[in-house]
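Novice: Here it is, the structure in full.
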Amino acid sequence: MPVPVLPARPIPGAPHPHAPARPTGLLTTLRRHRFLIAQLTRREVIGRYRGSHLGIFWSFVNPVLLLCIYTFVFKYIFNAKMVPGHPDEGWADYALFLFAALIIFNLFAECLSRAPNLILLNANYVTKVVFPLELLPLTVVLGSLVHLLISFVPLCLAVLVTRGGHLHATVAFWPLLLVPISAWALAITWLVSALGAFLRDLNEVMLALTQILMYASAVFYSLAALTVNPNVPAPVRTLIQYNPLAYLCEQSRNLVVWGTPMNWQTYGWVTLAGVVVMSVGYKLFMSVKPAFADVI
């Protein structure tokens, strides 16, 4: 009598199988695990403020508090200007100018600060061979996108109050900015989370880099002010002007606050570059994923 062959079971401590690192492999993973992605994103959004009295309302309160602090410091102490030589600029104008860029930067900064410890804090998933670890950075970005959209509501309300009760028609194009910012955030989250599993000092490096990036992303000033300022060294000016995050912050202000149409050519290049870098980040993550079990 032949002995029945039992199906093989995954070994709890075994490394993850080497999944395809091609972008098409990512699309397959997204389709196959779409319900898991939805559950993890929901946990990411709700779990952040679990146990607090205000709950997800903190996503509304936190950026408003930061806005008040930054507006006071840069407008009234440093006398910062949105547009050089604009004498009639009020605090409300500067607050809108700052908030429109700040909510874009906060998404990227949040992903950058969480990425180094992402694998280490989810070590229990590393030992599960059937769990797709590449979804962890994705859910971080998706959760940050939800908070970005929540922060977008008070921005629109403030524009309505200060601009005579109407929004610019260009606001309809603002959601298109979510495509490149998501691509760049995914790229950096995959890259840094993969490296963070091996380099435990990366968290301190990212904290310093986030502060540098804030001032290099045209959050507190406009690119026009940077261009006419003779005190800015040419290499620094070039670096900031080619910073994709600075472009996205500037476009957020243009679309929501000023009503200026989007620069479609630059938008196309920034989006294309984001997709390319995202593919590189995904490929690197998938290449080193089998080694996570050895270093956790």
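The values are calculated or read from the model by the stated rules, or taken from the named source; none is laboratory data. Treat the numbers as computed from the prediction; the structure is a model and nothing was measured. Cβ atoms come from the backbone with ideal geometry, glycine included; neighbour counts cover every protein chain shown.
Novice: Could you tell me which numbered condition Tyr247 fails, if it satisfies all but one of (1) modelled with pLDDT of 90 or more; (2) closer than 20 Å to Leu26 by Cβ; (3) surrounded by 13 or more Cβ atoms within 10 Å (Cβ to Cβ)?
Specialist: With (1) modelled with pLDDT of 90 or more; (2) closer than 20 Å to Leu26 by Cβ; (3) surrounded by 13 or more Cβ atoms within 10 Å (Cβ to Cβ) applied to Tyr247, the lone miss is (2).
Novice: Would you pick out the residues in segment 185-220 that are closer than 30 Å to Trp264 by Cα, of a type in the set (A, V, I, L, M, F, W, C), out of contact with any Phe, Trp or Tyr (no Cβ under 7 Å at 6 or more places or on another chain) and at pLDDT 90 or above?
Specialist: Result: Leu186, Ala187, Ile188, Leu191, Val192, Leu209, Ile212, Leu213, Ala216.
Novice: Across segment 208-235, what is the number of residues that are farther than 24 Å from Asp93 by Cα and either among the basic types (Lys, Arg) or assigned to a helix (DSSP H, G or I) (or both)?
Specialist: 7
Novice: Restricting to segment 118-152, name every residue that is part of a helix (DSSP H, G or I), more than 16 Å from Phe285 (Cα to Cα) and touching a helix residue (DSSP H, G or I) at 6+ places or on another chain (Cβ under 7 Å).
Specialist: Within segment 118-152, the subset part of a helix (DSSP H, G or I) is 118-121, 123-126, 135-152.
Remaining after also requiring more than 16 Å from Phe285 (Cα to Cα): 121, 124, 142-152.
Scanning segment 118-152 gives Leu142, Gly143, Ser144, Leu145, Val146, His147, Leu148, Ile150, Ser151, Phe152.
Novice: Of all residues in segment 28-58, which are within 21 Å of Leu118 (Cβ to Cβ), at pLDDT below 85, in contact with a helix residue (DSSP H, G or I) (Cβ under 9 Å, 6 or more places away or on another chain) and assigned to a loop (DSSP other than H, G, I, E, B)?
Specialist: Correct list: Arg48, Tyr49.
Novice: In this structure, is Ala216 closer than 22 Å to Ser279 by Cα, of a type in the set (Gly, Ala, Ser) and surrounded by 14 or more Cβ atoms within 10 Å (Cβ to Cβ)?
Specialist: Criteria not met by Ala216.
Novice: For segment 154-170, enumerate the residues that are surrounded by fewer than 17 Cβ atoms within 10 Å (Cβ to Cβ) and either assigned to a helix (DSSP H, G or I) or among the polar types (S, T, N, Q) (or both).
Specialist: Pro154, Cys156, Leu157, Leu160, Val161, Thr162, Ala169
Novice: Failed condition for Gln211, given (1) under 21 Å from the mean Cα position of the chain (by Cα); (2) touching a residue at least 12 places away in the same chain (Cβ under 8 Å), with all others met?
Specialist: If we test Gln211 against (1) under 21 Å from the mean Cα position of the chain (by Cα); (2) touching a residue at least 12 places away in the same chain (Cβ under 8 Å), just (2) comes out false.
Novice: Now a separate question. Looking at segment 225-237, can you tell me whether even one residue there is crowded, with 22+ Cβ neighbours inside 10 Å, hydrophobic (A, V, I, L, M, F, W, C) and either touching a residue at least 24 places away in the same chain (Cβ under 8 Å) or closer than 27 Å to Ala172 by Cα (or both)? Walk me through how you get there before you give the answer.
Specialist: We begin by selecting, within segment 225-237, every residue crowded, with 22+ Cβ neighbours inside 10 Å; these are none.
Within segment 225-237 (the criterion being crowded, with 22+ Cβ neighbours inside 10 Å, hydrophobic (A, V, I, L, M, F, W, C) and either touching a residue at least 24 places away in the same chain (Cβ under 8 Å) or closer than 27 Å to Ala172 by Cα (or both)), the answer is no, since none of the residues qualifies.
Novice: Can I ask one more? Taking the criterion of being modelled with pLDDT of 90 or more and either surrounded by fewer than 19 Cβ atoms within 10 Å (Cβ to Cβ) or among the aliphatic types (A, V, I, L, M) (or both), would at least one residue in segment 89-101 satisfy it?
Specialist: Yes: one or more hits.
Novice: Something else now. Is there a residue in segment 183-201 that is more than 14 Å from Leu245 (Cα to Cα), surrounded by fewer than 16 Cβ atoms within 10 Å (Cβ to Cβ) and of a type outside the set (D, E, K, R)?
Specialist: yes
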